[in-house]
Amino acid sequence: MPTKRSPTSPRARRAPFRERYTELEARRAELVARLAALDQSARSHPGYKRALTLLNNTFRKEKLSQRLAVLQAAAWLIAILEKLATLV
């Protein structure tokens, strides 16, 4: 007997592809703006270049399902860079 999916299953509530894509692109734009707002001391840190790589090359290479994880990693790294900039 085939199983029926319940209407509350995760797949039933998932947003359409275009909506998820647009949300990820908006989040990426916010992170790029945060990165651009850092001062020169943070820009000289090696993590700055890695954050740029995450937000550009790595983000573009990954499938849509993995892009959220890339953005989370970039956000974490940017938060560290922002804290380092306030300490220096």
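All of the numbers you see were taken from the coordinates with simple rules; none came from a lab. Remember, predicted model here, so these are calculated numbers, not experimental data.
Computed from Cα atoms, the angle from the helix 17-36 axis to the main principal axis of the chain rounds to 10 degrees.
For the chain, the mean residue ellipticity at 222 nm estimated from helices alone is -21000 deg cm²/dmol, where every DSSP H run of n ≥ 4 contributes -39500 (n - 2.57) and the total is divided by all residues, rounded to the nearest 500.
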